[in-house]
Amino acid sequence: MKSDLISFEIALEDFDLSRLPVDEALLKGDKELLASTVLAYYEDCFRELGGSTAIAVANSKVSVTWIGGDSNPVKTVLDHAIRLLNQGEFTAAEPLLQSIIAREPRNGAALYNLGMMLSNAVRFEEAIDCLEDLVETGEAGANAWSALGVAQKRKGLGDEALESLRKAVSLEPDNGYAQRNLAAIVAENSPQEALPLFAKATELLPNDPNSHLGLGQCLLALNRNDLADAVLKKAIEIDPYGALAERARSLRTKLSETFMREGSGTSPHNDAVDACLGAMKLLDAGDAQKTKIIAFEVAMLGRGGLDINDPSPKYALKSLPGQFTGLQLVALMYVGFKQIAPELDAGIDLSKEYKEASKRFHQSEQ
């Protein structure tokens, strides 16, 4: 094979018709349409690479030959495929990676990137096959074993995933992603065993919110709440607008509620009752629109976390004058939602305190 070209052949019956912009049933019933659509598909795939492409269909097979005009066409195609993956153009990247593997079945970079893409595309069986081909070359490192473990876990193959991820960590103990992925599986049955793995992952990946969230969850499971709160706060700081931050905020809110109730047991917390009563008096004079503005402003401010156990009035609102404690703001939000949208979840349970405050509020009006 000439070094300046990539050439491969695939049976039309083996082609994944879901890649094409034409109804599958229609393609299966019209061989000429199928052939012309597949030809156009591969022409589009290679057009941006320059060079020249020869594509033909014969004997129910499509053959593709791309001549790049340089001595390293594989690198050219691989680099372009990776750029497409980074741009989220998975459909365009896949045939390019497949074409490299058709020429070089042991090309580690192509197998790894294709396996990762298939796993993220919820095509787990294909991803596992691809990544198993990669590790069977004997040249795969920790990232390949880790990717295989993740795909196996997503497929529901827990034991196999655990084995693959332990292999990844043994190959490269300082691979933070391998540590994190292994920790996530171990944590399902043993938070204690997962704890040092997550701790190691946060050291290796200090800006990875997944690692910090996992560590925080392990600490919560082990009732090490003070440490958990600090770690969850770090996860939020890393990516304040991501989905993981929302999960961390929810956990911190529940944790704050736990701290608050430690001294009151099952009885209403006196400070929270006072805060709810103050919120009722403050909101009672306003209209529904004003209440909505205040409640939602507090909710947005709470995205950064509100310390309801600090008695210092250190928070300010645009919609109200003065300074507030974290507990006062949470009470404002809770009472506000009760008035304008009782079906909404405020993220914290102040129902006992709200009930007691309501009784006192109505007594004061009599």
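The values are calculated or read from the model by the stated rules, or taken from the named source; none is laboratory data. Remember, it's a predicted structure, so these values are computed and weren't measured experimentally. Note that each Cβ is placed from the backbone with ideal geometry, even for glycine, and that neighbours are counted across all protein chains shown.
Quick notes
- Residue count, region 300-312 (criterion: surrounded by fewer than 18 Cβ atoms within 10 Å (Cβ to Cβ) and either at pLDDT 80 or above or in a helix (DSSP H, G or I) (or both)): 5
- For region 342-360, residues that are hydrophobic (A, V, I, L, M, F, W, C), part of a helix (DSSP H, G or I) and surrounded by fewer than 18 Cβ atoms within 10 Å (Cβ to Cβ) total 0.
- Just one of the listed residues (Leu197, Leu165, Leu182, Leu204) is closer than 22 Å to Gly108 by Cα and modelled with pLDDT of 95 or more, and it is Leu165.
- Consider region 313-333 and keep the residues that are farther than 17 Å from Lys292 by Cβ and part of a helix (DSSP H, G or I). The one that is farthest from the chain's Cα centre (by Cα) is Gln328.
- Residues satisfying the stated conditions in region 83-106, i.e. crowded, with 20+ Cβ neighbours inside 10 Å and over 27 Å from the mean Cα position of the chain (by Cα): Ser99, Ile100
- Of the helices (runs of 4 or more DSSP H) entirely within region 116-232, those holding at least 1 residues that are touching a Leu at 6+ places or on another chain (Cβ under 6 Å) and either of a type in the set (Val, Ile, Thr) or under 23 Å from Ala93 (Cα atoms) (or both) occupy 124-135, 142-155, 158-171, 176-186, 191-204.
- Cβ separations smaller than 8 Å between residues 6+ apart or across chains give the following pairs from region 99-128 residues that are touching a residue at least 24 places away in the same chain (Cβ under 8 Å) and more than 24 Å from Glu43 (Cα to Cα) to residues that are among the hydroxyl-bearing types (Ser, Thr, Tyr) and surrounded by 19 or more Cβ atoms within 10 Å (Cβ to Cβ): Ala127/Ser119.
- Count of region 145-201 residues which are among the hydroxyl-bearing types (Ser, Thr, Tyr), under 28 Å from Ile236 (Cα atoms) and crowded, with 24+ Cβ neighbours inside 10 Å: 1
- Region 341-358, residues that are within 14 Å of Ser250 (Cβ to Cβ), in contact (Cβ under 8 Å) with a residue 60 or more places away in the chain and not hydrophobic (A, V, I, L, M, F, W, C): Gly347, Asp349
- Selection within region 144-199 - more than 14 Å from Gly115 (Cβ to Cβ) and of a type in the set (Val, Ile, Thr): Val169, Ile185, Val186
- Test: residue in region 60-82 that is crowded, with 16+ Cβ neighbours inside 10 Å, among the polar types (S, T, N, Q) and closer than 30 Å to Pro173 by Cα: no
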